[in-house]
1. What ³J(HN,Hα) values, in whole Hz, does the Karplus curve 6.51 cos²θ - 1.76 cosθ + 1.60 give for region 727-742 when θ = phi - 60°, with x put for Gly and Pro?
2. Carbon-plus-sulfur fraction of the accessible area of region 769-832, 1.4 Å probe, in percent?
3. Apply 1/(1 + (r/R0)^6) to the Cβ-Cβ distance of Ala221 and Lys835, taking R0 = 51 Å, and write down the FRET efficiency to the nearest 0.05.
4. From the phi angles alone, apply the Karplus equation (6.51, -1.76, 1.60; θ = phi - 60°) to region 437-447 and give each ³J(HN,Hα) in whole Hz, x where the residue is Gly or Pro.
5. In square nanometres and to one decimal, what's the mean projected area of the convex hull around the Cα atoms of region 370-515?
6. For region 274-329, would you read off the P(r) tail past 12 Å as a percentage of all alpha carbon pairs?
7. So what's the angle, to the nearest 10 degrees on a 0 to 90 scale, between helix 259-269 and the longest Cα principal axis of the chain?
8. Take peptides 519-526, 65-72, 556-563, 318-325 and line them up by average Cβ neighbours within 10 Å, highest first, as a rough protection proxy.
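The values are calculated or read from the model by the stated rules, or taken from the named source; none is laboratory data. This one's a predicted model, so the numbers in the text were calculated from it and none came from an experiment. Neighbour counts are summed over all protein chains in view; Cβ atoms, including those assigned to glycine, are modelled from backbone coordinates with ideal geometry. Heads up: the accessible areas ignore ligands, DNA and RNA and are worked out on the full protein's heavy atoms, side chains in. Shrake-Rupley method; radii C 1.70, N 1.55, O 1.52, S 1.80 Å.
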Amino acid sequence: MKSQEIRSKFLKFFEDKKHTIVPSAPMVLKDDPTLMFVNSGMAPFKEYFLGNATPKSNRIADSQKCLRVSGKHNDLEEVGYDTYHHTLFEMLGNWSFGDYFKKEAIAWAWELLTEVYKIDKDILYVTVFEGDEEDGTPLDTEAYDIWKQYIAEDRILKGNKKDNFWEMGDQGPCGPCSEIHVDIRSAEEKAKVSGKDLVNMDHPQVVEIWNLVFMQYNRKANGSLENLPNKHIDTGMGFERLCMVLQNVQSNYDTDVFTPIIREIETIADKDYGKNDKIDVAIRVISDHVRAVAFSIADGQLPSNTGAGYVIRRILRRAIRYGFTFLEQKEPFIYRLVDVLIKKMGEAFPELKEQRQLIENVIKEEEASFLRTLDQGLLLLDRIITHSNTKEISGNKVFELKDTYGFPEDLTDLILRENGFTYNHEEFDKKLKEQQERGKQASQLKSDDWTIVLEDDEQEFIGYDVTEANVKLTKYRKVTSKKDGEMYQLVFNLTPFYAEGGGQVGDKGYLEDASGDVVYIVDTKKENNVIIHFAKSLPKNVQGTFKATVDAKQRYRTECNHTATHLLHQALREILGTHVEQKGSAVHSKYLRFDFSHFSKLTVDELRDVENFVNARIEGKLPLQEQRNIPMQQAIDEGAMALFGEKYGDTVRTIKFGKSIELCGGTHVKNTADIWHFKIVSEGAVAAGIRRIEAITNDAVKDFYFENNRAYFEMKDLLNNAKEPVKALQNLQEENTNLKKQIEQLLKDKAKNLKGELKNELTEVNGITFLAKQVDLDAAGIKDLCFELGSQYDNLFLLFGAENDGKALLSCYISKELVAEKSLNAGQIVRELGKHIQGGGGGQPFFATAGGKNPSGIKDALEAVKSYIA
Ligand code: ATP
Ligand code: MG
């Protein structure tokens, strides 16, 4: 059975069981501070499990893109070494939100596997939760008794909390689970060891394929469990593992999900898969990672230096490194795999198809830049090896290579070993741990349980219409982090505060109660669909009614920038072409930032056209036309564009100004005339094929012109009020260049004269041509002088002292034959003489310099040097 068919059979099966089929949510999470990426099928549904929102159906099924490369679920280091863990994989899932429970979940799983997919019952094992004393949870007899109806009891195994109790985080909904495992070993192997003994033992052919989670508890901040009011089902089946079973192969990489990519790698690298362990690992790593990176870029997450982007960069670099070391790929090649990947997956995931060019460009550029880093690292490592006195390199050095230059530890290890070297692993590990600890501490967030003040179903956002309202507190909790200290998170029954989202910053403002007690709201954010207001303190009377007031001035400035962002987007598509797509946006009160796909720098004319386009629409006084809660399809038909990586509901909000129409949840000015004026302040590249424009509006433009004007007049003043200041500045620059040239020439002449004089002062001491003298030259001049004299005299020993800008300099030159015959070493000599000038230095045995802060010691150094030739 082909993978495509396997996927659609799953969805069809649950559709027949009255499930609503939904597409995969984007992989990058936006309103969940505890998770960067979707790491299981349930992550996009968290808000339903937490009771913050109501799902459109209480039965849902889907295939969800998951990424397990950071946080609680991190399989990255396994990937490539085993044959059944991936970074990116598809999780097939069926969901019940307060509807059916264990009986149906188990019955349907069994029916699908054994009757639809026709998996032989004799290769299946299931597990149930054995209970946990500490948590006070019992053996899951309910699940056990249901399973008994379908499978022999000796195939039902009891599992511990680690394997059979599923939790989405340290707090929140959780419950026991039943896993389904397959044993796909040969009959001979099965005869030797029973599959029963290999379940959950990391055997590559006895693996878990499906996990049925019975969500029935809530884990509180103090670690205790309480029953959930509604019980839910959350199941997750690894699609690639299922394909392995149904296609009768022994590895996920031998399924049709991976083989086309692997064939392509074999062709490009001219290597065969299945002949050499190291090469096989590399090929698996690359075929896995290219999927993760391509999907991530398609979902709007580009590789970068921070956060989720950094995780993606690390995955790609891991692939590059394996290609570099084991497949000898010294040029970018991973981007060439995108084509087969899209042929294979483009049908099910059209976002890949539509963004092919961007994905290829970004990967290629990243590859090229990391390969340069690797080259540089190799040079550095080479230098370390040649200069080392021992065969063991310090762990700190290896850490520095990794940390500062991005040169991976395992590659360093490999190269060192090839050269007969080792390094101090303990020292390295210690450094790494210290760094990780620092990171952990900085990001650690401790949250208390919510204190419920008022039972309220769903919170209402009224901030599109008003910036002030009377509100009641429904719940609050304290959160503590290293970065912000203690903060309170407040939730109201309704709120005028806009929560950060769609690029727009969260509102600030304050609360005031009848007694005049004021609490400032410093930020507003959304978390799993709840609007959370951040405050430094708690209101004195939490039961009261508060007047909630948004900082209207800041909100207004932000709205100007948000509306301008829409007009800018329209302008770019109109002027540069429809290949322009939004790739990121930040709307602040002071400025806006807009990232978009485009392949070359904007010309001055293009920038001008874009500015004019936007300003024409501001002058056109276009009124805001807002539609709330219209069906998604209607919005698309009206011309709104959905963004990749953005999660939309069935109904959406559209914002229209003239011909600009966007799906948008943000706040906007009532009329474009409010913006007053739009000005681009910068344009540049952020990644391959992605440009960034920063712009300002309204008051910020006034400030901008004022500041520029002031700088202009100050400059003009400095130029003696020249009529044409630009010309005057150019003249000044020209004059400056000429003067510099003249000085250089004068210094050269001076050195030449000096050389003539010095020649007369050379003396012969014990067969050495010697001179020690203070001269009036800079470091470069002295060096030239030394080497010029050196080319004319044999057995030369020179020590020059000089004073420049209050600092002392000693330069020592010794002819190479002297270095060899008399074992004189200029480096060592200046190091020793350095003490006279209160400084230090070093260099080569034939030329070295020392700098110090005591020029009056130069004389002593010039005297002391004589002892070396005596
Ligand atoms: P394992 O013990 O094999 O790592 P898990 O306990 O981490 O699995 P779950 O979190 O229960 O797995 O995820 C549900 C299903 O998703 C698993 O049964 C498996 O089929 C699949 N799965 C989990 N992790 C991966 C991965 N890294 N790559 C591919 N499939 C996976
Ligand atoms: Mg796992």
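1. 4, 4, 5, 4, 4, 4, 5, 4, 4, 4, 4, 4, 4, 4, 4, 4
2. Looking at region 769-832 in its full context, I get 42 percent from C and S.
3. Approximately 0.25, to the nearest 0.05.
4. Per-residue couplings from phi come out as 4, 4, x, 4, 4, 5, 9, 5, 10, 10, 10 Hz.
5. Across all orientations, region 370-515 yields a mean hull projection of 14.4 nm².
6. Of all Cα-Cα distances in region 274-329, 63 percent exceed 12 Å.
7. Its long axis makes an angle of about 10 degrees.
8. The densest-packed peptide leads the list: 556-563, 318-325, 65-72, 519-526.
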